[in-house]
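Notes follow the structure.
The values are calculated or read from the model by the stated rules, or taken from the named source; none is laboratory data. A quick note: this is a predicted structure, and the numbers were derived from the prediction, not measured. Quick reminder, even Gly has a Cβ in these numbers, built from the backbone with ideal geometry, and neighbours come from all protein chains shown. For the accessible areas, the whole protein counts, side chains as well, though only heavy atoms, and no ligand, DNA or RNA atoms are used. Shrake-Rupley method; radii C 1.70, N 1.55, O 1.52, S 1.80 Å.
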Amino acid sequence: HFSGNGPFTKRVQTWLEEFLNAPRVLLTHSCTAGLEMSAMLNEFGPGDEIIVPSFTFVTTASSMMRSGAKVVFCEVDPETMLIDMNDVESKITNRTKGIVPVHYAGFSPDMELISQFCDEHDITFIEDSAQGLGSTWKGRNLGTFAPLAAISFHETKNIHSGLGGCLVVNDEDLIEKAEIVWERGTNRSAFFKGLVDKYSWQEVGSSFYPSELQSAFLLAQLESMESNLRQRMELWNEYVRCFTPLENQGKLRIIRPPDECNHNAHMFAICLNSPEEADQTRIRLNENGIQAVIHYVPLHTSPMGAKMGYSQEDLPKTNLAAQCLLRMPLHLEMGINDIQRISSLF
């Protein structure tokens, strides 16, 4: 069985449901697909507004826009690069139907605050937990707070299948419809459960799930996740040990998670004192064989952002923070000595 939704897909979904303590997980060919399914299941459409942080990967926004909804960009908190809920509140209108907090770097904003905020404003939220597998907020897994959440298994993530993702369905009332959308809009899942004697077209759906080869590859990665996370955290902690003296000297600032977040060491990022200093530091590290890189270009400053009516001057906090941020290399082929060498170049 190669095409998908076979034995390995089911084993991975069961593994994730048990790990996350989630009622239903559906594997997808990408995190983008999970986000697109979330927009479909929430029935977003023309006239709806969805608030999204500008500092994120492009498909956080485009997955909402494919439903016909309008994306409204908001600021991030420069201390954590997570969604700024004060700015979100300023952008709420009578057309706002949802927000998409992003778990940047495997860090979590205050999920209880977001849940309460959405209840008060009668809107929903979708967790973009692309980078969040293995992280928690107050001991609860990221990806389990919103009615729907999406996780990435792209090769840039801690655990991957080359390309891949999943939709986490935390609202049990959405499970049946989610399975139909996932199965190209048919009730094929009900057919295989013996609930109907034939399956047919029920809803607008698409081909969302990965092949069995990808699922098998992913299962092997998940089975070694505990070791993976332990090694990554050792590297992250060494970065903190080596870079804290530089931080105390005022040379840079470490991007740290909020206190209640236990993160997965997905990345180690620093903020320099100015865009010019960040650029000079990046070039110097690159010249010494260190792959230090910028991260997201804020979406509101992109050509697509301009088409949406945004200007380069909008969202100034996000603009400055993004230009000052550098990501340091963090992967399992590295050792403690590598991190000590990197810090010596500052």
Original post:
So which residues in the range 238-253 are without any contact (Cβ under 8 Å) to a residue 12 or more places away in the chain and under 14 Å from Ile342 (Cα atoms)?
Top reply: Arg241, Thr244, Pro245
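Quick one: which residue in Ile290, Ile283 is over 19 Å from Glu79 (Cβ atoms), open to solvent by 10 Å² or more (accessible area, probe 1.4 Å), part of a helix (DSSP H, G or I) and of a type in the set (A, V, I, L, M)?
Ile283
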**OP:** Quick one: which residue in Phe217, Phe243 is under 30 Å from Phe346 (Cβ atoms) and among the aromatic types (Phe, Trp, Tyr)?
**Re:** Phe243
**OP:** Check Glu172, Glu176, Glu183, Glu226 and return the single one that is under 27 Å from the mean Cα position of the chain (by Cα), at negative phi and open to solvent by less than 20 Å² (accessible area, probe 1.4 Å).
**Re:** Glu183
**OP:** Look at Val204 and say whether it is more than 17 Å from His263 (Cα to Cα), surrounded by 17 or more Cβ atoms within 10 Å (Cβ to Cβ) and touching a residue at least 12 places away in the same chain (Cβ under 8 Å).
**Re:** no
Original post:
Among the candidates Glu75, Glu89, which residue alone is of a type in the set (Asp, Glu), surrounded by fewer than 17 Cβ atoms within 10 Å (Cβ to Cβ) and in contact (Cβ under 8 Å) with a residue 24 or more places away in the chain?
Top reply: Glu89
**OP:** Considering only the range 322-346, state which residues are of a type in the set (Gly, Ala, Ser), assigned to a helix (DSSP H, G or I) and either open to solvent by 60 Å² or more (accessible area, probe 1.4 Å) or over 24 Å from Met65 (Cβ atoms) (or both).
**Re:** Ser343, Ser344
Original post:
Among the residues of the range 26-48 satisfying the criterion of being over 15 Å from Val168 (Cβ atoms) and in contact with a Gly (Cβ under 6 Å, 6 or more places away or on another chain), which is surrounded by the most Cβ atoms within 10 Å (Cβ to Cβ)?
Top reply: Gly45
**OP:** Mind counting the residues in the range 49-72 that are in contact with a strand residue (DSSP E or B) (Cβ under 7 Å, 6 or more places away or on another chain), open to solvent by 30 Å² or more (accessible area, probe 1.4 Å) and either in a helix (DSSP H, G or I) or acidic (Asp, Glu) (or both)?
**Re:** 1
Original post:
Do any strands (runs of 3 or more DSSP E) entirely within the range 95-204 hold 3 or more residues that are more than 20 Å from Val25 (Cβ to Cβ), and if so, which?
Top reply: 96-99
Original post:
Got a sec? Which of Asn264, Asn273 is surrounded by fewer than 19 Cβ atoms within 10 Å (Cβ to Cβ) and in contact with a Leu (Cβ under 8 Å, 6 or more places away or on another chain)?
Top reply: Asn273
**OP:** List the number of the failed condition for Pro257; all other conditions in (1) without any contact (Cβ under 8 Å) to a residue 12 or more places away in the chain; (2) assigned to a loop (DSSP other than H, G, I, E, B) hold.
**Re:** (1)
